[in-house]
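Worksheet: one structure, shown below.
Every number in this text was worked out from the coordinates using simple rules, so none of it is lab data. Everything numeric here is computed off the predicted structure, so don't read it as measured data. Quick reminder, even Gly has a Cβ in these numbers, built from the backbone with ideal geometry, and neighbours come from all protein chains shown.
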């Protein structure tokens, strides 16, 4: 009844905890799909050893031919899923024993296409609990698009049919924003369970962004925001004007603050520039960064 999809790459020290939290779920109608994204460490060996302790668990392991990245690994898992509902779990995280049962029961009782739960961000020395913004489905979609609420894909149980025709990005960073915005757009009803079932292992984001890969990471974020911006403005041109403005600001901020101009094609730069002129007119500027974005793009890019 539920397919749990777990991409695996470089999690040798974490996957045992993740797998045990899955195999001890109180809900029994679950298939667990682990997608081996050509991990270079011993993650799959650790998983194999844990599986031996739970012979009753319905487990599939998909071995990709080459490393494809997180969103494409999720896509491969979805392609093999047979459940009525899909839940994503990252292989360095873990979930409470009754997560699947509680979310599935809520989905059946409500008839909703999507059931969201609270989560806990786990740091080395403390934990923090977070909740989704609980508003109407339309307002929630707007908040997702406007980058005003978290779009994590792993904090929600979704009806399998929502994934039909879904486009998975190829860039890894901010990939949940691309996937979740499409799922929310297709969902008729969304309900919320205020219980922190999911435990998200928080690494030091500052150290990642200050590394030699920082520009690559930020450019991937920019590309994925642009993908959603293009989809919304092309397919829903008369809606979400405020959200479109927020996406344009985010992209402009990335381009100016992190010097990511060369990470976009000329057509993409032109599209963003024209969007900024339309959605962020000078008379509505509220703070200096927006002015810098517009001046930089208009004067330096020349579009």
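Before moving on, here are some points about what is shown:
- Label zone of residue 253 (point 7 Å out along Cα→Cβ, amide N under 11 Å): in segment 120-159 this covers 147-148.
- Three-way shape call for segment 57-207 based on the alpha-carbon gyration tensor, with the a/c threshold at 1.5: rounded
- When the square roots of the Cα gyration tensor eigenvalues are ordered a ≥ b ≥ c, the ratio a/c for segment 146-192 is 1.5 or more and a/b does not exceed b/c, which makes its shape oblate.
- Compared with the direct C-alpha span, the chain from residue 51 to residue 27 gains 6.9 nm at full extension, assuming 0.36 nm per residue.
- For the chain, the relative contact order works out to 17 percent when only alpha carbon pairs closer than 8 Å and six or more residues apart are counted.
- Candidates 167, 128, 101, ranked by Gaussian network fluctuation over the chain, Cα under 10 Å, top entry: 128
- Cα gyration tensor, segment 133-275 - rounded (a/c under 1.5), prolate or oblate: oblate
- Cα centroid separation, segment 240-277 to segment 32-82 (Å): 36 Å
- Relative to the current alpha-carbon distance between residue 170 and residue 267, full extension at 0.36 nm per residue lengthens the span by 33.0 nm.
- The value obtained for the chain, namely the Cα convex hull volume divided by the number of residues, is 144 Å³ per residue.
- On full extension, the segment bounded by residue 214 and residue 61 gains 51.9 nm, given 0.36 nm per residue less the C-alpha separation.
- The simple spin-label model puts a point 7 Å past each Cα toward its Cβ; for residue 109 and residue 241 those points are separated by 4.1 nm.
- Cα-based helix-to-principal-axis angle, 214-235 vs the chain, degrees rounded to 10: 80 degrees
- Rg/Rh for segment 22-107 (Cα atoms only, Rh after Kirkwood) is 0.95.
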